[in-house]
Amino acid sequence: MRKCLIGICCVLLSIPIFGQNNFGVKSALTLSLAKAEQLLFDDPFDYLLYEVIFEEEDVSPSFGIFGITRDDNLFLQSELLYRNITSNFSYIIWENNPAIERMEAKRTHFIVWPVIGGIEIQRFKFGVGPVFSFIISENEIFSEFKHFEERREWLEAGFSFNVGAIIYRLHLDFRYELHFNRVGDYFVFNELQSGFGQSPGYFSMGLAYLIF
């Protein structure tokens, strides 16, 4: 938690302070592009113990603060947004007789910090930049699995591509995010890190209002 607070303080200090500066509030709707995928866990004799299926992700609306610096046709944009992601899993414990089938929902609360640099052409914005997600809290799942842990880093990183438009005090943004980590790469079974083959991807539509 201390590392998370330090990171958030750094984010707040990074909001642009040079050039023509504007600050406001922002909200966004986000769609997860992750697909269903299966993961199997065997014992040392190759007998199937657990079958885990990643079903889908549900992303809550995001909201937070927004800052932008503009100098001629160039801009630097920074945001600080709250995001809640619910990852839905189903699983089967094959070592039980009969096998146990259940559903679990992992809820992770993030502070998301995108930094976008780019060019503005006749009120249209085109930009790219990194995205950092600070984990505030989350619940653990799969407590019934033996020799199974969840070891997740407090910071996840990615990259974004952005297209937007400026309408008076409104900034309309469309964003594609690709994260560098893999779905479920924090699963550790028998001291071996696991995870699904895909990296999280998101498409979002955001609207910011400049207060000053």
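The values are calculated or read from the model by the stated rules, or taken from the named source; none is laboratory data. Since the model is a prediction, treat every value here as computed from it, not as a measurement. Quick reminder, even Gly has a Cβ in these numbers, built from the backbone with ideal geometry, and neighbours come from all protein chains shown.
From G127, G164, G118, G195, grab the single residue that is farther than 25 Å from D58 by Cα and in contact with a Lys or Arg (Cβ under 7 Å, 6 or more places away or on another chain).
Going through G127, G164, G118, G195 in turn, the sole match is G118.
Hey, can you tell me all the residues within the range 108-143 that are out of contact with any His (no Cβ under 9 Å at 6 or more places or on another chain) and charged (D, E, K, R)?
E120, R123, E140 - these are the residues of the range 108-143 that are out of contact with any His (no Cβ under 9 Å at 6 or more places or on another chain) and charged (D, E, K, R).
Which of the strands (runs of 3 or more DSSP E) found entirely inside the range 121-206 contain at least 2 residues meeting this: of a type in the set (A, V, I, L, M, F, W, C) and free of Cβ contacts under 8 Å to residues at least 40 places away in the same chain?
Counting at least 2 such residues, we get 124-138, 155-167, 170-179.
What number of residues within the range 1-59 satisfy the criterion of being surrounded by 15 or more Cβ atoms within 10 Å (Cβ to Cβ), among the small types (G, A, S) and at pLDDT below 85?
Total meeting the criteria: 1.
Just name the residue that is modelled with the lowest pLDDT out of those in the range 91-114 that are within 14 Å of the chain's Cα centre (by Cα) and either among the polar types (S, T, N, Q) or crowded, with 17+ Cβ neighbours inside 10 Å (or both).
Residue satisfying both the conditions and the ranking: K106.
Give me the residue from the range 159-194 that is within 21 Å of N88 (Cβ to Cβ), touching a strand residue (DSSP E or B) at 6+ places or on another chain (Cβ under 6 Å) and not aliphatic (A, V, I, L, M) and, out of that set, surrounded by the most Cβ atoms within 10 Å (Cβ to Cβ).
Looking at the filtered set, the residue picked out is E177.
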